[in-house]
Amino acid sequence: MSPHSKEFLKILCALSHRNSKKMFLPNSLIKSLKHQENHLEKEFSLLCWNVAKLTLKSHYKEFLNTLVEGYKLDILLLQEVKKSLSHELELHDYSYILSPNIETKNHIFGVLSAFKSSCHGELSLLTKKRELRCATHKTTLLTHHKISEHTTLLIVNLHAINFVHNSDFKNELREIYEAIKMHNGAMIVAGDFNTWNLKRVHYLEEFSNDLELKKVAFESEKDIKKVFSNSLDYIFYRGLEVTFATVVDSKKISDHNPIIAKFCTV
């Protein structure tokens, strides 16, 4: 856990003793959809990154700009996004949906999926459990994108729950599975899975196997965030082909590094 996250958790715990739990429950999704006439390209690039609530910082914005331009990114899957309630996010020419897990007087936090194609349906899933009982829920965002007139890609952007029993982690994965198991087409599931012990790794393997998902393989995984030698960040997929994959050193902008994959439709 980064110093930013530790400090944020202390604030949440302190506030939770003075306020009702409902204070932290978000009201609704935040959406900006402006590419509703565009299908997803047959080849597209995707970035997955836990940005540690740094989305309002200039050094984060500058670094993200270099990634967007350098890798021609079509889809951004971000976790731990922080957004001011009074200002729009600076996200180039992307459409986006922000699925919040916490809302305060001035800011909203959660996972964000950004894209330059249409979105034909979305669903936000809050975890049933709360972290450490005094903290907050985590959230998962499901979005549907047309590859062709009759083919839809389901993208699942998640930040898995932490600081709970392994059995609770397993149950939350099962909730996500139940929400997406009926989708028959192409699928991408990506995010920060908080798989810091072998039990969690095993439950994630069961989850991905049940959905017939493959894991994106990287030539080098040394820069992927790890705890106790277990990777936290993954991209899983099915019904697609991977043509490129890399991990980018973010120079400690976040305590996680971006992972990028390029896909083409089968």
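Its relative contact order, with pairs defined as Cα atoms under 8 Å and 6+ residues apart, puts the stretch 3-265 at 19 percent. Summarising the strand pairing of the stretch 3-265, around 85 percent of its internal DSSP beta bridges are antiparallel. Averaging the Cα positions of each part gives two centres, and for the stretch 50-103 and the stretch 196-266 these lie 20 Å apart.
Taking 15 Å as the straight-line reach from the Cα of Lys146, the aspartates and glutamates in range (excluding those fewer than 8 positions away in the same chain) are Glu37, Glu41, Glu43, Asp74, Glu122.
Simple point charges give the picture: +1 on the Cβ of Lys and Arg, -1 on the Cβ of Asp and Glu, and for the stretch 107-266 a dipole about the Cα centre of about 320 debye. Take every pair of alpha-carbon atoms less than 8 Å apart whose residues are at least six positions apart; their mean separation over the length of the stretch 88-136 yields a relative contact order of 31 percent. Neighbour counts of C-beta atoms inside 10 Å place Glu172, Glu241, Glu131, Glu122 in the sequence Glu241, Glu122, Glu131, Glu172, starting with the fewest.
Would you mind ranking Leu158, Leu47 by Cβ crowding within 10 Å, fewest neighbours first?
The fewest-first ordering by Cβ neighbours comes to Leu47, Leu158.
Size check on the stretch 99-238: the Cα extents along the three principal axes, sorted descending, read 45, 42, 29 Å. Local charge for Leu98 was computed over the other residues whose Cβ lies under 9 Å away, with Lys and Arg +1 and Asp and Glu -1, and equals +2.
Scanning the chain for trypsin sites (Lys or Arg not before Pro) that sit in a DSSP loop and have at most 11 other Cβ atoms within 10 Å, the longest stretch containing none of them is 134-180.
Rule-based calculations on the coordinates, nothing more; no lab input. Keep in mind the model is a prediction, meaning the values are calculated, not measured. FYI the Cβ positions are ideal-geometry reconstructions off the backbone, even for glycines, and counts take in every protein chain you see.
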